[in-house]
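Shown next, in structure tokens, is the structure this report addresses.
No value in this document is a laboratory result; all are computed from the given coordinates. Every value quoted in this text rests on a predicted model; they were computed, and no experiment measured them. Positions of Cβ are generated from backbone atoms using ideal geometry, with glycine treated the same way; all protein chains shown enter the neighbour counts.
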């Protein structure tokens, strides 16, 4: 067996460590920077030469972050909105994706394109009409004011992901189940979705983070403090001129923790060993 | 089954009665109290405002005031108002608007003109006459009072009085004088990190003032009688003055990156001799965390161009009544109270807000609480409003972006000035 | 065969009926939330609506569109948007693919690698721009600090700290780097899921046949990743066309680095020219639609 140079390079443990180091630095550096900044005093930020680790770490910024704004309320609101809209989005797009991927449907491409078309408009231009809709439905300053739009905004990516993953699952498995007496919908929830788990969880992570980070709608529709979400809340630490990086970094750390947890927990499900055994052949 | 349906019917009856009662009581409630919703920015001391509102409600039991807190910056604040008012929302009664906005609100028909709510012309003149003249002017568009001043702001020349004293210098009256003093002090201190002058040239709103300060000083105007009145040579002289500061090393080379808070932070860290900045900086200098310059800060009028006058840039906020409000009379009354000398005094003492009345600056209680306001008044009196036009945003963009590109060395001054003339002309057409 | 009654249709629907029933929730939600705003937008683009000018609203047909085509700032923002798109979409794909492959490899600290891979996605976009703007600050930023330190150790290289935001091209570089950093995470996430659908048996068979790693990559991994890549590319391209947060936070000189989305927002929220900004948004939609159609055609072509 001849191995060319390339393959020996790729399999070299050294290169792997090097590549791994690059990935880790690339991914962690800004987050660690934020963490370090959240422990610094403001004066240190304009020190020369610049400091990386805090000279005299302090937890004051975290205390201020929680004291100046109801950060926990914002956290809770963001969590409720993100979780509910993600679940709703996954449910609706699973149904739609099944229809598109599996069932005899004319003009599939047209339907898919119309769903994707939702993401083709800059959100800022849809603000006033959306505000009017929510006002007419008396939903302003409520969780639904955000859950409904976020569900729709995440439909394109969820649907497209699930269509692709459903497509890859061979029909025979479903047909076998249906021969055994399962209905179509039963086959969808009991067989197809579990087999498409990597796609489902990936779509879920993407939708969750999209909803978690969304700023414009949250600013405009849920201006009341009780229903404010994190991104809007964090910008409230600013002054007209002042941008207090230490406090905002502390708030960002708090904002990122749940997302990191979600990602860590669910990315395991994304790569859970479905490749061994194999779906095809 | 029978009991179930009985219970069910009972529930239906009970809830209908409850709803009916609620509806009836709300009708009565509506007649008893007038709800007013006030929209203020997150950084405009909502806690203090709430205390003031509580006092007002105590004195006026038929009014119920609800506070809605908006974006932290003028920009976000305005974005929200833009959206809500474009949708003709009726829930907001009163809002704070930036001092550059009245013309825009007037043109868009978003603010209720307040003239009639003064009762009589005499009473109107009496009330309006008390304000600092520049603020009265900024709130009046074509004879209509669009809003009433809430609090003021101005650009000041902050300087290190300890350093000036050390070299036996008095605050400069012209820009060249400032440059000389800065160089003298820098030569004496031998500190490479000490900047002579810090000012803003980042493409932010404050940079509009950077452009206008020397221009106004030489007597230039942007808009006269609603038409463009651009004086290119004066503008060029102004820009040249700033570029000279950088060329001489008095100001740092990356001044195009410097924003309002960058100046404040660096001065507060003790690394700047002269700084051009807004009023908020004072509290940070005197009592901010890790301040290196407490008790070492002096305040002076901004230097003039040679042969020109000392001017400053006007800032501040105004109270406006929404044109879509359902309780305009009550809202107007509240706004008049909010914009009164007594309230201004309270805001000054308890929140360090700059008063909009000359009398309040000179009030004994105020001076005792905030001594530096005595020095601030002469500066505030030199402040001029930025160009008054409904398309202010366009004018602002033209001025600040071109100032930024010139100071960044990316555009030649002649090109920048031509573009300013073109774009501002288009805006006021 | 019996005639199908309505009950029959509900209990055991034909495929087409079932398909439409399953699509109903999605269609319903879209109609409720998006139909009015989008139609409102399109209608507005044919009117002269300038709230700050206090002029009455009137119908002007395609004038807004023609004005845009004659507007130098419009073309410059389109150019900037296209530059960002053509640089960051392939860039994020390549980086994302590398990251995904690395995260998939058996490695002792796999968890840490996966975390690093996904963390950029966890940082809110609005702040990524601000953080990178700070990184590229000429005085207090780490990029210049690192350049300074390298220059100290290797004076021969001749690297100098730059004032990044004084130059349009350097600003674009900063914008693209920040965007690639953030979005390669997005790509990696999707590609990682795609990698899971490739059965290891294929690789094992290839090993037995004597194929090198590189050949395996090109012949097995890439082709089977095409569906995932396409999804990732479609959405990455759509968001690239709508780039706003990162360019907005980078204080580049003047409006040199202004994107189309920034120009739309400028005209709508700041200048209150709703007619013109709606026309610009429709242009953005057309650009997005064109690219999506191209991508989907390619998928169709690939599949058939």
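Data overview
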quantity	calculated
D (Stokes-Einstein, µm²/s), Kirkwood Cα radius, segment C:17-72, 1.002 mPa s at 20 °C	153 µm²/s
Chain B: angle of helix B:206-217 to the longest principal axis, Cα-based, in degrees nearest 10	50 degrees
Where N is the number of residues in segment A:151-259, Cα Rg divided by 2.2 N^0.38 Å	1.58
Sorted by Cβ neighbour density within 10 Å, fewest at the top, the residues B:337, A:245, C:181	B:337, A:245, C:181
Gyration tensor (Cα) of segment C:73-190, equivalent ellipsoid semi-axes in angstrom	27, 22, 13
Percent breakdown of C-alpha pair distances by 5 Å bin, ordered from the shortest bin, for segment B:165-280	2, 11, 20, 23, 20, 12, 7, 3, 2, 1, 0
Choice from A:141, A:61, A:26 with maximal GNM fluctuation in chain A (Cα, 10 Å cutoff)	A:26
Exposure proxy ranking, count of Cβ atoms within 10 Å, fewest first, for B:209, A:182	A:182, B:209
Gyration tensor (Cα) of segment C:154-304, equivalent ellipsoid semi-axes in angstrom	39, 26, 11
Inter-part distance where segment B:155-215 and segment C:35-52 are each reduced to a Cα centre, Å	49 Å
Segment C:60-127 and segment A:29-97: distance between their alpha carbon centers, rounded to Å	22 Å
Per-selection Rg to Rh, segment B:367-414 - Cα, Kirkwood hydrodynamic radius	1.24
Rg and Dmax [Cα atoms of segment A:51-119; Å; Rg one decimal, Dmax integer]	22.4, 66
Nearest 10 degrees, 0 to 90: helix A:13-38 Cα axis against chain A principal axis	50 degrees
Quotient of C-alpha Rg and 2.2 N^0.38 Å, computed over segment C:1-146	1.79
Cβ-based exposure ranking for A:167, B:284, in which fewest neighbours within 10 Å come first	A:167, B:284
Relative contact order [Cα under 8 Å, 6+ residues apart], segment C:108-162, whole percent	20 percent
Principal axis dimensions, largest first and in whole angstrom, of segment B:232-301 by Cα	42, 23, 18
Rg/Rh for segment A:1-145, where both radii come from Cα atoms and Rh is the Kirkwood radius	1.15
q = 0.06, 0.08, 0.09 Å⁻¹, chain B: log10 I(q)/I(0) [Debye, one scatterer per Cα]	-0.30, -0.50, -0.61
Rg to Rh, two decimals, where segment B:51-177 supplies the alpha carbon set and Rh follows Kirkwood	1.10
Reference-scaled alpha-carbon Rg (2.2 N^0.38 Å with N residues) for chain C	1.28
Rounded to 10°, Cα long-axis angle of helix B:175-189 versus longest principal axis of chain B	70 degrees
Anisotropy class of chain A from Cα gyration tensor, a/c 1.5 cut	oblate
Per residue, the convex hull volume that the Cα atoms of segment C:203-278 enclose (Å³)	133 Å³
Cα gyration tensor category, rounded, prolate or oblate, for segment A:160-201 with a/c compared to 1.5	prolate
Cα shape, segment C:178-218, gyration tensor, a/c 1.5 rule	oblate
Isotropic mean projected area of the C-alpha convex hull, segment B:317-429 (nm²)	10.5 nm²
Alpha-carbon Debye profile of the protein assembly as shown, log10 I(q)/I(0) at 0.07, 0.08 Å⁻¹	-0.68, -0.87
